[in-house]
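Input: a single structure, listed below in structure tokens.
The values are calculated or read from the model by the stated rules, or taken from the named source; none is laboratory data. Keep in mind it's a predicted model, so treat the numbers as computed, not measured. Note that we place each Cβ from the backbone using ideal geometry, even for glycine, and neighbour counts take in every protein chain shown.
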Protein chains: 2
Amino acid sequence: MPTQFVHFPENQPLAMDAGVLLAPLTIAYQTYGTLNADKSNAVLICHALTGDQHVANIHPVTGKPGWWGTMVGPGRPIDTDRYFVICSNVVGGCMGTTGPTSLNPATGKAYGLDLPVVTIRDMVRAQAMLIDHLGIDQLFCVAGGSMGGMQVLQWAALYPERVFAAMPIAAAARHSSQNIAFHEVGRQAIMADPDWRGGRYIDQGIKPHKGLAVARMAAHITYLSDEALQRKFGRRYQDREAPTFSFDADFQVESYLRYQGSTFVERFDANSYLYVTRAMDYFDLAEDYGGVLANAFKGSRTRFCVTSFTSDWLFPTADSRAIVHALNASGASVSFVEIETDRGHDAFLLNVPELFATSRGFLEAAARARGIAPKVKSS
Amino acid sequence: MPTQFVHFPENQPLAMDAGVLLAPLTIAYQTYGTLNADKSNAVLICHALTGDQHVANIHPVTGKPGWWGTMVGPGRPIDTDRYFVICSNVVGGCMGTTGPTSLNPATGKAYGLDLPVVTIRDMVRAQAMLIDHLGIDQLFCVAGGSMGGMQVLQWAALYPERVFAAMPIAAAARHSSQNIAFHEVGRQAIMADPDWRGGRYIDQGIKPHKGLAVARMAAHITYLSDEALQRKFGRRYQDREAPTFSFDADFQVESYLRYQGSTFVERFDANSYLYVTRAMDYFDLAEDYGGVLANAFKGSRTRFCVTSFTSDWLFPTADSRAIVHALNASGASVSFVEIETDRGHDAFLLNVPELFATSRGFLEAAARARGIAPKVKSS
């Protein structure tokens, strides 16, 4: 199914943390599977920094499979034969939801940096507007990795009655100093590109491709582990037997990074990169609850499944453990799995059987508790 | 004492790994203390990526103390009342030794990228030319951290008879895939700056400040640990009570990084950054010895003191351990200390008493073995 759009008019604005009302608002989303009669089987997937709504279908720009096709689909852990899966592009994104490339009605041009700065809570509020629009009171599950996991936590805190089960994966309840630092490097790389033009590049028919590629390259290193890079590339040369004594991409890891940079700019907008990284930087869930994370989940009846990966140094297990401690302190139901892998933060997107088994088991138990009918086996 | 220079003329070229002869060659260096009568008390300090010869004197450009004033000076672990300390700017650098900003005699303009790519071994060969010039047969000690430690290892492998003692700190015998990746990001940031002009910016009276600042910011994160960033900056705001909902440097860590970038460009050359990072990338000492690191030290009579820091993720303890294993396998004399600190790779430059105690103890024992007269206590 192609991307669907819902347009919220002037009289249904998004109330943003920046203190302004954003209207009109468009939300672009994909759905998979069928909503059941009592609307109890809806799963909301929240995407990460550079993700989008194309979870489990061929991406319209890249032509590649959806970013979580291993996790979501018929017979997959988030089984679209059983659940109605929804994923919307975040506010501030660049795949159809209102973002810096959207038309600013006040000027008739692209927003650029005139779009108010977006927060994780703004993203979640907009998703709630979509869920209202779809007539769904309670989501069976909200799931996501990395920034998606931040949204999962924000959903559980902001709308506890609307979240039956929650799966934050490789996430954190607040962005660390080191992570803010890496984001700032990416933003400075974009803003240093003269083609960025103070954020007004779209009006001028150009794009800050070089700056965005550098930002992507720096970030990409943080998604992998030292061990994984050593295993995948080591110090091996790219299509040569010996070093060229030049600044060419002699090493495979250089060639790989350059490729990551150059392909990213074809599908992602530089200003969106600024907005979405900023949303992550500002995320500190405890801050809204007197500095005590457990208060964010006080009285929650949501069941949580928290997952981390041993080699993830961007959102290390300690971050997940802090979430689990807070959930324990608040008396919430939580299971916690740390998965042994050398694949780093990116593991949440990869073929990691233990992640699938954990998610499948958690969702099956939750579905029984929620009274969702078992999948009818096709003969 | 101001920087001294030695000029090697056309008939004394540097034979470079790139297969070319570099001439003329200028080496800029500092010395501290006095060479004793039998020339047995010379210590060569090798500097790191962005260091220079100003180890223990006020830096002529920044006006700040030398980069290793905590380690080198009167009464310091590398005691200039007892030892004659030498430090030269590396080939490819930008503080007086021949590098990309130097005049290319073939064109009458700055070398730019016409300078052959430099290796760690080239740097060491040039240092050996300086040591010859100073009439010193054997160095009492060669010491350095990070890239300086790479040079220490290369010295011990290339000129075993000329190195009585060796102190590689926070170093590695080969640059890892992840480290090559971070360097490549920095180089791409520089080359993406249109003011880089294909490396010919000096001829045009401009400098790629923005690209170099981004490179420095990305690198700087890798010099610190996650814990140190959290302790120093956490999520604290810079001169404000609440976020501004903008792309200003709201967070202290952002402000700090921007400052690091902006001050760096005042003292460092962008092309030198390309050359010196490349030298580190190419470093793989075992490669020259049939892939077996121990062979690099076969029969060595040098005494080694290898030091690493627990929170250093750029040159982690595993890298030092690999060096120690190779030294053990080659039958060399080696002591190994892993120092507990949360300060990351930068710890080698900081006030870390355990590093000073280790270095002092190692050097005193070595000095006794070498027969260097004890320091005369002033009354």
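One line per residue, one yes/no per condition, for (1) closer than 20 Å to B:His133 by Cβ; (2) assigned to a strand (DSSP E or B); (3) aliphatic (A, V, I, L, M):
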| site | (1), (2), (3) |
| --- | --- |
| B:Met1 | yes, no, yes |
| B:Ala28 | yes, yes, yes |
| B:Thr34 | yes, no, no |
| B:Leu44 | yes, yes, yes |
| B:Val61 | no, no, yes |
| B:Arg76 | no, no, no |
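Take A:Ala128 and decide whether it is assigned to a helix (DSSP H, G or I) and free of Cβ contacts under 8 Å to residues at least 40 places away in the same chain.
Yes; evaluated as a whole, the condition is true for this residue.
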Of those in segment A:222-244 that are exposed (fewer than 15 other Cβ atoms within 10 Å of the Cβ) and among the acidic types (Asp, Glu), the residue nearest to the other protein chains (Cβ to nearest Cβ) is A:Glu241
Every pair of residues 6+ apart whose Cβ atoms lie under 6 Å, when the first sits in segment B:297-314 and is within 14 Å of chain A (Cβ to nearest Cβ) while the second is among the acidic types (Asp, Glu) and assigned to a loop (DSSP other than H, G, I, E, B): B:Ser311/B:Asp342
For segment A:245-260, which residues satisfy the criterion of being more than 7 Å from chain B (Cβ to nearest Cβ), within 24 Å of B:Leu113 (Cα to Cα) and in contact with a helix residue (DSSP H, G or I) (Cβ under 6 Å, 6 or more places away or on another chain)? A:Ala249
Would you pick out the residues in segment A:102-119 that are assigned to a loop (DSSP other than H, G, I, E, B) and within 16 Å of A:Thr277 (Cβ to Cβ)? A:Leu115, A:Pro116, A:Val117, A:Val118, A:Thr119
Considering segment B:158-202 alone, what residues qualify as being of a type outside the set (Asp, Glu) and in a loop (DSSP other than H, G, I, E, B)? B:Tyr159, B:Ala170, B:Ala171, B:Ala172, B:Ala173, B:His175, B:Ser176, B:Arg200, B:Tyr201
Pairs under 6 Å by beta carbon, first residue assigned by TED's automatic domain parsing to the domain that holds A:Arg301 in segment A:321-338, partner polar (S, T, N, Q) and part of a strand (DSSP E or B), six or more apart or different chains? A:Val337/A:Thr307; A:Glu338/A:Ser308
Within segment A:202-212, work out how many residues are free of Cβ contacts under 8 Å to residues at least 60 places away in the same chain, more than 7 Å from every other protein chain (Cβ to nearest Cβ) and either aliphatic (A, V, I, L, M) or crowded, with 24+ Cβ neighbours inside 10 Å (or both). 1
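So is B:Gly51 in a loop (DSSP other than H, G, I, E, B), in contact with a helix residue (DSSP H, G or I) (Cβ under 9 Å, 6 or more places away or on another chain) and outside the structural domain of B:Ala218 (by TED's automatic domain parsing) or not?
Criteria met by B:Gly51.
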Among the residues that make up segment B:162-178, is at least one of them surrounded by fewer than 24 Cβ atoms within 10 Å (Cβ to Cβ) and under 17 Å from A:Arg216 (Cα atoms)? yes
Matching residues, segment A:155-176, being of a type in the set (Lys, Arg) and either within 9 Å of another protein chain (Cβ to nearest Cβ) or touching a Lys or Arg at 6+ places or on another chain (Cβ under 6 Å) (or both): A:Arg174
Got at least one residue in segment B:143-150 being within 9 Å of chain A (Cβ to nearest Cβ) and hydroxyl-bearing (Ser, Thr, Tyr)? no
Restricting to segment A:177-201, what's the tally of residues that are more than 7 Å from every other protein chain (Cβ to nearest Cβ) and under 25 Å from the mean Cα position of the chain (by Cα)? 7
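Evaluate the following for A:Val324: is it more than 14 Å from every other protein chain (Cβ to nearest Cβ) and part of a helix (DSSP H, G or I)?
yes
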Considering only segment A:300-315, how many residues are closer than 18 Å to A:Phe164 by Cβ and of a type in the set (Asp, Glu)? 0
Would you check if there is a residue in segment B:296-314 being on the phi < 0 side of the Ramachandran plot, surrounded by fewer than 18 Cβ atoms within 10 Å (Cβ to Cβ) and not in a loop (DSSP other than H, G, I, E, B)? no
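Checking the conditions here, which among A:Thr97, A:Thr101, A:Thr80, A:Thr70 is of a type in the set (Ser, Thr, Tyr), at pLDDT 95 or above and crowded, with 21+ Cβ neighbours inside 10 Å?
Within the list A:Thr97, A:Thr101, A:Thr80, A:Thr70, the selection yields A:Thr97.
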Here are some conditions: (1) crowded, with 23+ Cβ neighbours inside 10 Å; (2) within 30 Å of A:Leu212 (Cβ to Cβ). B:Tyr111 meets all but one. Which one does it not meet? (2)
Before we move on, is A:Ala329 over 23 Å from A:Arg174 (Cα atoms) and surrounded by fewer than 21 Cβ atoms within 10 Å (Cβ to Cβ)? no
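Does B:Arg216 count as facing another protein chain (nearest Cβ under 9 Å) and buried (at least 19 other Cβ atoms within 10 Å of the Cβ)?
In short, no.
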Check segment A:264-283 and report whether any residue there is within 11 Å of chain B (Cβ to nearest Cβ), closer than 24 Å to A:Gln151 by Cβ, touching a residue at least 40 places away in the same chain (Cβ under 8 Å) and among the basic types (Lys, Arg). yes
Looking at (1) crowded, with 24+ Cβ neighbours inside 10 Å; (2) more than 18 Å from the chain's Cα centre (by Cα); (3) touching a residue at least 60 places away in the same chain (Cβ under 8 Å), which is the only condition A:Gly144 fails? (2)
With (1) away from chain B (no Cβ under 14 Å); (2) touching a Ser or Thr at 6+ places or on another chain (Cβ under 8 Å); (3) in contact (Cβ under 8 Å) with a residue 24 or more places away in the chain as the list, and A:Pro74 as the residue in question, which single condition is left unmet? (3)
